[in-house]
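J.: First the structure, then my questions, so here it is.
Rule-based calculations on the coordinates, nothing more; no lab input. Given the structure is predicted, the values throughout are model-derived calculations rather than measurements. When we count neighbours, we look across all protein chains shown, and the Cβ atoms used for this are built from the backbone with ideal geometry, even at glycine.
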2 protein chains.
Amino acid sequence: MTLQLPVEEIARPISCKAKECAGFFDHENDHWMKTLTTVKPLPQRKNYTIGVDIGGTKIAFALIDDTGSVIENKRIPTQLTSGPEMILVEIGKQINLLIKEYGVNISGIGLATPGYVDTRTGIVKNAVNLNWKDVNVVAILKNSITASIPIYLQRDTAAETLGEHYFGAGKDCQDFVFLGIGTGFGAGAMTSGHLLTGVNNMALEIGHLSVDQHGPVCACGNMGCIETVLSGKGLVNRARDLYSSSSNLEYSQMLDSITAEWILERAKEHDPIAEELLQHMSKSLGFVCAMLKTILDPERFIIGGGLGKAIFHFLRFEVEKEMYSRVLKLDNRKIQFFQSSLKTSAMGAAAMVWYFNGLLPKSIHKNSS
Amino acid sequence: MTLQLPVEEIARPISCKAKECAGFFDHENDHWMKTLTTVKPLPQRKNYTIGVDIGGTKIAFALIDDTGSVIENKRIPTQLTSGPEMILVEIGKQINLLIKEYGVNISGIGLATPGYVDTRTGIVKNAVNLNWKDVNVVAILKNSITASIPIYLQRDTAAETLGEHYFGAGKDCQDFVFLGIGTGFGAGAMTSGHLLTGVNNMALEIGHLSVDQHGPVCACGNMGCIETVLSGKGLVNRARDLYSSSSNLEYSQMLDSITAEWILERAKEHDPIAEELLQHMSKSLGFVCAMLKTILDPERFIIGGGLGKAIFHFLRFEVEKEMYSRVLKLDNRKIQFFQSSLKTSAMGAAAMVWYFNGLLPKSIHKNSS
């Protein structure tokens, strides 16, 4: 577990940087020792956390207690045209309503956003889906709320991974990969119980890895990125290509109204083009799982995101088959495939507060038993 | 850092399993806290560690002090035909010579082997290069040595990764990937200062990931595994194919004597086939680096192994170019490429003892300054 202090504590120039705090000098034995206990545990009276997940179309809020129960749960639309400042002020207003009701019992706020975020300074460096660049989200939000509550920032899929670890399909598992297939593609991983972040907090941002340089052009400008296949957008784009070149004229009239849901329905009715589209997707997902299996050696894959959950039972067998065809089989241990089971993505954002304070899932679930 | 107890302490059926030890129950605050300080630091008088790296052709030994200096350094041939028991007894004899001289000052022994190892029970489950299956290496070695010294077991490339972190090109770096290109292909990674192990201790075993299902047949039976390109064996096999179909008859007579060194020499003289062979290798390595960059987000790649070090300056530019062509460029930060700088692979095995006792590299290097 990498220690992460709430942003307001580290944005100031202080001598103790977050990573360096994860140890102490043992004077008796004259050695540096690694520890994760430099942050005091949350006092018992502070038993609520707030999670806020900012997406391209909606913002999800959740207030959860220390048994993992969702006490408050809300969504508001993301008014992208009003700009980041106004959006964050609106988020502040919603949080103030919760502060009014739960006050001193709120131990922290977890904020999840897409894109490239600097968790140490609280800045969203680049979030293409929101059209945000260098937005000091934590400072703005801090000025908009009426109480001094620690605020933590993370990438949305990293937060969702923590959510699965504390409250979802990764609750009893220390090594898993979360794959979120929705409009786009995102991923996150726990390794030996630690959130895998990487040096720039961009670990598992694999959607724009180009795996087929003769593949379709991606929105990022590259060719054959994973997201051109493993996303709702990618699926619909490929469907338009295949249906438009079909001899069935009926299709050419409805190209603009094709959705991922429609393709799934067609596949259930054994439409050959829809079946081919999903077959292509499962091959690609199988390769991605093979890649992640050999690099991270996880115990489990958790498939989430709207499209991911919808295709889970449909594609699971094909995905596993493709994955095993690409890796060395050492023994009969099978990797597990689970469907995401989080009620709301905001639970992931809320889970950050527990995680970055060193409270393990079993501590939370002990309280709930 | 995943806590790993020396094998003799955990092979017995005890209630406290290694992973569960990495925490304690904070009764005052009624929470489980994560910590890595349950193992006592090494007493100062015990300031030597022994590393043993068992390879397919040779066994490397090193005795190092707590400043990272190699005090003793030795290699003996691996007598594979005598079987694992005899080999381990021979290793025990070599260690006993060191025990005789350095006695109580030896704090631990790190044992590195290729293949699939169970670090908890001290068993090598499957090491194809050694032809070992289910060999209880730690128990046999323990019976062969004359003092009670803790023994740690790890995969060879994981140990080498630790070696780079404590004594080599990863000394000042918390997030890096080590890539070892020799006869075969191996890798390891540190993420936020932790050795990435995975649930079966097989993380980063990517040599047999099939990335091209129309590629050459691999020794494992699959097609287009990474090792069929990124290894001495793979390079020589491909060279034989290309030179045998060349119109230059001179080549057909020396196909059996082609070595990786010869190919490198030919490439320096601008032989087009040799240049094409290395170009192919750099494309493949560039893709592997792109894959690892997006999944692990490291600060640095460290290229090791005999062939890896030999081609480092030759291919570096092409590898970087290929890598960047396959990933989303967020800013101008460049990933670093370093050449391995370990004197002997046995230093990696020795580094295990420091690592699994919670002593950080800066503690070791503080002593040496």
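J.: Magnitude of the Cβ-charge dipole of the stretch A:81-214, K/R +1 and D/E -1, about the Cα centre, nearest 20 debye?
T.: Values: 8 positive and 12 negative charges, 83 e Å.
In total the dipole reaches around 400 debye.
J.: How large is the dipole of the stretch A:171-339 about the Cα centre if only Lys and Arg carry +1 and Asp and Glu carry -1, each at its Cβ, rounded to the nearest 20 debye?
T.: 380
J.: How many percent of DSSP beta bridges within the protein assembly as shown run antiparallel, rounded to 5? Walk me through the numbers before you get to the answer.
T.: Values: 70 of 110 bridges.
DSSP beta bridges in the protein assembly as shown are roughly 65 percent antiparallel.
J.: Hey, another quick one. Report relative contact order for the stretch B:171-339 in percent, whole number only (criteria: Cα-Cα under 8 Å, sequence separation at least 6).
T.: Working: 249 pairs, mean separation 41.8, N = 169.
About 25 percent, as a whole number.
J.: Of the listed pairs B:LYS233/B:LYS343; A:LYS142/A:LYS171; A:LYS293/A:LYS321; A:LYS283/A:LYS343, which have alpha-carbon separations greater than 21 Å here?
T.: B:LYS233/B:LYS343; A:LYS142/A:LYS171; A:LYS283/A:LYS343
J.: Now a separate question. Let me have the 222 nm mean residue ellipticity of the protein assembly as shown computed from DSSP H runs of 4+ only, each contributing -39500 (n - 2.57), with the sum over all residues rounded to the nearest 500.
T.: For the protein assembly as shown, the value works out to -11000 deg cm²/dmol.
J.: OK, next. Could you give the nm distance between label points at B:LEU97 and B:ARG75, where each point is 7 Å from its Cα heading toward the beta carbon?
T.: Spacing of the two 7 Å Cα→Cβ label points: 1.6 nm.
J.: Now a separate question. Any idea what log10 I(q)/I(0) is at q = 0.12, 0.16, 0.18, 0.19 Å⁻¹ for the stretch B:158-213, Debye with uniform C-alpha scatterers and no solvent?
T.: Treating every Cα as an identical point scatterer, log10 I(q)/I(0) equals -0.28, -0.48, -0.60, -0.66.
J.: Quote the charge dipole size of chain A about the Cα centre in Debye, to the nearest 20; the model charges only the Cβ of Lys and Arg (+1) and of Asp and Glu (-1).
T.: 600
J.: State, to one decimal in nm, how far the label point of A:ALA219 lies from the label point of A:GLN279, with both points 7 Å from Cα in the Cβ direction.
T.: Computed distance between label sites A:ALA219 and A:GLN279 equals 2.9 nm.
J.: Roughly how far apart, in whole Å, are the Cα centres of the stretch B:288-356 and the stretch A:192-231?
T.: Taking the Cα centre of the stretch A:192-231 as reference, the centre of the stretch B:288-356 is 19 Å away.
J.: Give the relative contact order (percent, whole number) for chain B; include only Cα pairs under 8 Å separated by 6+ residues.
T.: Relative contact order here is 21 percent.
J.: All other residues with a Cβ under 13 Å from the Cβ of A:HIS280 taken together, and with Lys, Arg as +1 and Asp, Glu as -1, what is their net charge?
T.: -4
J.: Rank these for me by crowding, A:THR228, B:THR78, A:THR81, B:THR67, going from fewest to most other beta carbons within 10 Å.
T.: Ordered from fewest to most neighbouring Cβ atoms within 10 Å, A:THR228, B:THR78, A:THR81, B:THR67 come out as A:THR81, B:THR67, B:THR78, A:THR228.
J.: If Lys and Arg each add +1 and Asp and Glu each add -1, what is the summed charge of the other residues whose beta carbon sits under 14 Å from the beta carbon of A:MET347?
T.: Working: positive: A:LYS74, A:ARG75, A:LYS171, A:LYS343; negative: A:ASP53, A:ASP65, A:ASP66, A:GLU72, A:ASP156, A:GLU160, A:GLU164.
My count for the surroundings of A:MET347 gives -3.
J.: Need the C-alpha centroid separation for the stretch B:95-139 versus the stretch A:94-169, integer Å.
T.: With the stretch B:95-139 and the stretch A:94-169 each reduced to a Cα centre, they are spaced 47 Å.
J.: Right, something else. Regarding chain A, what are the three Cα extents along the principal axes, ordered largest first, in Å?
T.: 74, 53, 41
J.: Given a Förster radius of 45 Å and the C-beta distance between B:LYS362 and A:LYS321 as r, what FRET efficiency does 1/(1 + (r/R0)^6) yield to the nearest 0.05?
T.: Result of the calculation: an efficiency of 0.45.
J.: Please order B:ILE181, A:ILE151 by the number of other Cβ within 10 Å, starting at the fewest.
T.: Final ranking by Cβ density, sparse to dense: A:ILE151, B:ILE181.
J.: Once amide H atoms are placed 1.01 Å from N in the peptide plane, what residues at a sequence separation of 5 or more from B:PHE178, or on another chain, have their amide H within under 5 Å of its amide H?
T.: B:GLY188, B:ALA189, B:MET190, B:ILE302
J.: Give me A:GLU265, A:GLU205 sorted ascending by neighbouring Cβ count inside 10 Å, so fewest comes first.
T.: Working: A:GLU265 12, A:GLU205 26.
Going from sparsest to densest Cβ surroundings: A:GLU265, A:GLU205.
J.: From other protein chains only, count the Cβ atoms within 10 Å of every residue's Cβ in B:204-210, then give the mean.
T.: Mean partner-chain Cβ count within 10 Å for B:204-210: 6.
J.: If I fit a long axis through the Cα atoms of helix B:306-325 and take the longest principal axis of the Cα atoms of chain B, what angle between them do I get, 0 to 90°, rounded to 10?
T.: So the helix axis and the longest Cα principal axis differ by about 70 degrees.
J.: On average, how many beta carbons from a partner chain sit within 10 Å of the beta carbon of a residue in A:216-223? Walk me through the numbers before you get to the answer.
T.: Values: counts 0, 0, 1, 0, 3, 2, 5, 2.
Mean inter-chain Cβ contacts per residue within 10 Å come to 2.
J.: So how many Å³ per residue does the convex hull of the Cα atoms of the protein assembly as shown work out to? Please list the in-between numbers first.
T.: On the way: hull volume 128.0 nm³, N = 738.
Per-residue hull volume (Cα only) is 173 Å³.
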